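Data block below; observations after.
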Protein chains: 2
Amino acid sequence: MASKKTALKSAKKSPAKMPVKKNAFYAQSGGVTAVINVSACGVIETARKHSNKIGKVYAGNNGIIGALREELIDTSKESASAIAALRYTPAGAFGSCRYKLKSFEENRAAYERLIEVFKAHNIGYFFYNGGGDSADTCLKISQLSETMGYPIQAIHVPKTVDNDLPLTDNCPGFGSVAKYVAVSTKEASLDVASMCETSTKVFILEVMGRHAGWIAAAGALAQESDGDAPHIIIFPEIAFDKEKFLARVKEVVRKNGYCVIVASEGAQYADGTFLADAGTTDAFGHKQLGGVAPTLATMIKHELGYKYHWALADYLQRAARHIASKTDVEQAYAVGKKAVEYALQGKNAVMPAIIRKKGARYSWTIEEVPLSKVANVEKFMPRNFISPDGYQITKACRNYLQPLIQGEDYPPYKNGVPVHGKFKKVMAPKKLKTEFKI
Amino acid sequence: MASKKTALKSAKKSPAKMPVKKNAFYAQSGGVTAVINVSACGVIETARKHSNKIGKVYAGNNGIIGALREELIDTSKESASAIAALRYTPAGAFGSCRYKLKSFEENRAAYERLIEVFKAHNIGYFFYNGGGDSADTCLKISQLSETMGYPIQAIHVPKTVDNDLPLTDNCPGFGSVAKYVAVSTKEASLDVASMCETSTKVFILEVMGRHAGWIAAAGALAQESDGDAPHIIIFPEIAFDKEKFLARVKEVVRKNGYCVIVASEGAQYADGTFLADAGTTDAFGHKQLGGVAPTLATMIKHELGYKYHWALADYLQRAARHIASKTDVEQAYAVGKKAVEYALQGKNAVMPAIIRKKGARYSWTIEEVPLSKVANVEKFMPRNFISPDGYQITKACRNYLQPLIQGEDYPPYKNGVPVHGKFKKVMAPKKLKTEFKI
């Protein structure tokens, strides 16, 4: 209703001077998270509030390949309540993809195709919701005006469970995985503690993080006091030393009766070999990526003889909207909202970053950072976030992580399970006659 | 306070005739659950309300072996708020064990020891919180009066995530695992659906249930409509047919773009071989229990070539108090409470069972059943609860399962993680001079 009124008012004033409103394109990129749709919600709701300046928001069907294929989901066909439901719906409501645009030089055809699609649908704003690789793509799009003469404003909306984007204090999506890992570790540790007298003595939880140990580090948030489970955290940043590890497990079991380990999937030996590749051979004789947890479990069983259990959270951890961090949800919304506001302010090639304010009590704000400084830079855990022995986090790390899992933001439930949004996903009619091969 | 007053009042009336109040022994047995402590809470709070008739409640340290070792936790030393915290603390607060008492004939010494300990601590009530094996132990204890002349009332408090106890409509502990599996499957399915265009096409979640498919069946509660994920459920009750399974996976992926599978750890071939044993060989050349999920994943990869992901929930599923079923929590409390009431009514060798009332709207009550009919009987999924093709549940099964996951019962949170009870676990002073070897 607001949009109609505004349009009418403007029309009365100076119909001839009305600039043609540009539409927006929004896409989800790479691995999804519990809150990437919250950012989508922030983008779409904010754009709707400024419907006098921004036309439709088209969402790429399965991410950027939706643009290349001219598969544009017309989000204006979704009701306000459907868009609101994005807030509590995990994963990518419009579909995501793992597809990295190559350089202009290597794949000029793809960029020409994008411009063709954007032109056909009057798209002047590009919102790309992703991690490091996506920031690079978004940067390339932001340069289309210079390089190929097509005027577009590209804003990157940060998202990654890996928490490895630079300049932003943390990445939307990470806080919720961190909370899932902390909660699950705390609960499972009580289980092992109850049973260790006559049964399982070692429990291993394998978590995501191929390159950085942020997610594994979050396991430490299960601890209330020193010595609490998890007793050992395996970080990809610390070279795995089998003898030292086994000695520690033995020591912990002797002292506590049981040992809880949180291991990053990226755990590796000093020579860079992943523990997950250390290798089992399946029934067909093929080498199999065994996973870190079973590799560690086998080691413990054979060398120390302890009964073990292990869990592999896999997608469960990054889809767990039911236990999302309220802080994460709020930040995911804020970066989506801010991205649209930046676009309205005429900005290009920027990313809304989460900035931690100074002070004893955690608070944050959003500030713009140049995309050129975000793309292709990975933020690893600083060494001073990991204890000298390599198995725990430091106080500095705890101070950093703690606020990110703060607060609960429960979805509504029906029939005992969370309610998730239903989307019509009406495709905008195609205007181009050509197809594009992905 | 109430107990002191009552004692005083009685003392005034007829001090000489006052029967000596008997103490109670409570123990947790076998694999723990998200709500076994809720039953402990029901037992202890109810006993405290009847402190004129029941003395102290001693909890076995690590279950029944706590009785054999005369390691009795004096729960009267725990504050009312600590006992109340049992309601939202998963796993076994007093420790559990996997220890089955043999028959009188085989191990008379153990029974004599129990009587010795019970006598020394004036124990007249025995509450045993466990599954099928424990029901058998509880039955043997209930017969101590007849067989060995020691007067004791033994009441079994049902608990098992496996949901395989007879006579009770369902088992406390199961509803919460079922809810965890349904919620996790629903969330992870959205993740796979978002990514399948360019990435993972098959996702497998392996869940508990070595003998019965109840937990795997709960995965189906993620479905809102026919055809929703999970597309395939692997039950231990249905002989696994590799060709048929692969054909179904292929068909589902062709139709939906992705396929979600919930597999019971007890999945087996027609000859009874477990898929989990089908076997991988680790780096040391040892045969390894591979798990059902990786076995299925490898099969799919090699025969169909799809990219896969899999998760193994393991202890996470049965410790997940953060997403416990409210119905389950209420029933777990009710059976604990009722067990004490039965004891006060002079009953022996019974179990409070959950009875589903007739009517369209789910409601339940607790009724006593004879322990002799519970011990050593396993309840499997009836064949009419599994679809004719063996991959889904029927409407009858859905009607049965649905109410058991109904409602949420969130624990309190602090610092972003659930608060769990802290227990002093003060041991009652030992009165016996002998020790008992377990």
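I'd like to know if the range B:175-184 contains one or more residues that are away from every other protein chain (no Cβ under 14 Å) and either of a type in the set (S, T, N, Q) or over 22 Å from B:Tyr400 (Cβ atoms) (or both). So far as the range B:175-184 goes, no, none of its residues is away from every other protein chain (no Cβ under 14 Å) and either of a type in the set (S, T, N, Q) or over 22 Å from B:Tyr400 (Cβ atoms) (or both).
Residue by residue, here is whether (1) closer than 30 Å to B:Arg69 by Cα; (2) more than 11 Å from chain A (Cβ to nearest Cβ); (3) surrounded by 15 or more Cβ atoms within 10 Å (Cβ to Cβ) holds:
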| position | (1), (2), (3) |
| --- | --- |
| B:Tyr391 | no, yes, yes |
| B:Asn399 | no, yes, no |
| B:Gln402 | no, no, yes |
| B:Glu435 | yes, yes, no |
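Of everything in the range A:97-114 that is among the charged types (D, E, K, R) and in contact (Cβ under 8 Å) with a residue 60 or more places away in the chain, the residue that is nearest to A:Gly421 (Cα to Cα) is A:Arg98. In the set A:Glu112, A:Glu106, A:Glu116, only one residue is more than 14 Å from chain B (Cβ to nearest Cβ), more than 27 Å from A:Lys53 (Cβ to Cβ) and either in a helix (DSSP H, G or I) or at pLDDT 95 or above (or both); that residue is A:Glu112. Tallying residues that are in contact (Cβ under 8 Å) with a residue 24 or more places away in the chain and surrounded by fewer than 21 Cβ atoms within 10 Å (Cβ to Cβ) within the range A:229-244 yields 4. Residues of the range B:215-256 that are touching a strand residue (DSSP E or B) at 6+ places or on another chain (Cβ under 6 Å), among the β-branched types (Val, Ile, Thr) and farther than 17 Å from B:Tyr306 by Cα: B:Ile215, B:Ile233, B:Ile234.
Being under 30 Å from B:Asp191 (Cα atoms) and touching a residue at least 12 places away in the same chain (Cβ under 8 Å) holds for only one residue in B:Gly291, B:Gly336, B:Gly346, B:Gly305, and it is B:Gly291. Summed over the range A:61-94, the residues that are touching a strand residue (DSSP E or B) at 6+ places or on another chain (Cβ under 7 Å) and either on the phi > 0 side of the Ramachandran plot or in a loop (DSSP other than H, G, I, E, B) (or both) give a count of 5. A:Ser176 passes every criterion in (1) touching a helix residue (DSSP H, G or I) at 6+ places or on another chain (Cβ under 6 Å); (2) not in a helix (DSSP H, G or I) apart from (2).
When the range A:158-199 is filtered for residues that are at pLDDT 95 or above and of a type in the set (Val, Ile, Thr), the ones remaining, listed by number, are A:Thr160, A:Val161, A:Thr168, A:Val177, A:Val181, A:Val183, A:Thr185, A:Val192. Put simply, of B:Asp328, B:Asp314 the only residue that is charged (D, E, K, R), within 14 Å of chain A (Cβ to nearest Cβ) and on the phi > 0 side of the Ramachandran plot is B:Asp314. Of the candidates B:Ser199, B:Ser176, B:Ser225, B:Ser194, the single residue that is of a type outside the set (A, V, I, L, M, F, W, C), under 30 Å from A:Gly173 (Cα atoms), more than 24 Å from the chain's Cα centre (by Cα) and buried (at least 24 other Cβ atoms within 10 Å of the Cβ) is B:Ser194. Under the condition of being modelled with pLDDT under 90 and either of a type in the set (Val, Ile, Thr) or on the phi > 0 side of the Ramachandran plot (or both), the residues counted in the range B:246-290 number 4. For the range A:367-389, a residue qualifies if it is surrounded by fewer than 18 Cβ atoms within 10 Å (Cβ to Cβ) and among the hydrophobic types (A, V, I, L, M, F, W, C), and the qualifying residues are A:Val377, A:Phe380.
Across the range A:345-387, the number of residues qualifying as assigned to a loop (DSSP other than H, G, I, E, B) and of a type in the set (A, V, I, L, M, F, W, C) comes to 7.
Taken over the range B:388-408, the criterion of being over 24 Å from B:Pro352 (Cα atoms) and not in a loop (DSSP other than H, G, I, E, B) is satisfied by B:Ile393, B:Lys395, B:Ala396, B:Arg398.
In the range A:49-60, the count of residues that are within 12 Å of another protein chain (Cβ to nearest Cβ), in a loop (DSSP other than H, G, I, E, B), under 20 Å from the mean Cα position of the chain (by Cα) and among the small types (Gly, Ala, Ser) is zero. Run B:Tyr99 past the list (1) at pLDDT below 95; (2) assigned to a helix (DSSP H, G or I); (3) surrounded by 20 or more Cβ atoms within 10 Å (Cβ to Cβ) and report the number of the one that doesn't hold. Against the list (1) at pLDDT below 95; (2) assigned to a helix (DSSP H, G or I); (3) surrounded by 20 or more Cβ atoms within 10 Å (Cβ to Cβ), B:Tyr99 comes up short only on (2).
Checking A:Phe94, A:Phe126 one by one, the residue that is touching a residue at least 40 places away in the same chain (Cβ under 8 Å), touching a Gly at 6+ places or on another chain (Cβ under 8 Å) and within 17 Å of A:Ala428 (Cα to Cα) is A:Phe94 and no other.
A:Gly31 - would you say it is within 16 Å of the chain's Cα centre (by Cα) and either buried (at least 24 other Cβ atoms within 10 Å of the Cβ) or without any contact (Cβ under 8 Å) to a residue 60 or more places away in the chain (or both)? Yes: the conditions hold for A:Gly31. Checking each residue in the range B:293-338 for being of a type in the set (Val, Ile, Thr) and either surrounded by 22 or more Cβ atoms within 10 Å (Cβ to Cβ) or touching a helix residue (DSSP H, G or I) at 6+ places or on another chain (Cβ under 7 Å) (or both) picks out B:Thr295, B:Ile300, B:Ile323, B:Thr327, B:Val329, B:Val335. Look at B:Leu312 and say whether it is modelled with pLDDT of 95 or more and closer than 30 Å to A:Gly305 by Cβ. Considered against the rule, which asks whether it is modelled with pLDDT of 95 or more and closer than 30 Å to A:Gly305 by Cβ, B:Leu312 comes out as yes. For B:Thr46, the conditions (1) under 30 Å from B:Phe380 (Cα atoms); (2) at pLDDT 95 or above; (3) among the hydroxyl-bearing types (Ser, Thr, Tyr) all hold with the exception of (1). The single condition among (1) at pLDDT 95 or above; (2) more than 28 Å from B:His309 (Cα to Cα) that A:Ala27 does not satisfy is (2). A:Ser194 - would you say it is within 25 Å of B:Pro412 (Cβ to Cβ), of a type in the set (S, T, N, Q) and at the interface with chain B (Cβ under 9 Å from one of its Cβ atoms)? Considered against the rule, which asks whether it is within 25 Å of B:Pro412 (Cβ to Cβ), of a type in the set (S, T, N, Q) and at the interface with chain B (Cβ under 9 Å from one of its Cβ atoms), A:Ser194 comes out as yes.
Restricting attention to the range A:241-279, the residues that are under 27 Å from the mean Cα position of the chain (by Cα) and away from chain B (no Cβ under 14 Å) total 5. Considering the conditions (1) assigned to a helix (DSSP H, G or I); (2) small (Gly, Ala, Ser); (3) surrounded by 22 or more Cβ atoms within 10 Å (Cβ to Cβ); (4) away from every other protein chain (no Cβ under 14 Å), B:Gly219 is excluded by exactly one of them, (4).
Table: residues versus (1) over 29 Å from B:Glu378 (Cα atoms); (2) among the β-branched types (Val, Ile, Thr); (3) crowded, with 22+ Cβ neighbours inside 10 Å.
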residue	(1), (2), (3)
B:Val57	yes, yes, yes
B:Ser76	yes, no, no
B:Asn107	no, no, no
B:Gln153	no, no, yes
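The values are calculated or read from the model by the stated rules, or taken from the named source; none is laboratory data. These figures come from a predicted structure and were not determined experimentally. Note that each Cβ is placed from the backbone with ideal geometry, even for glycine, and that neighbours are counted across all protein chains shown.
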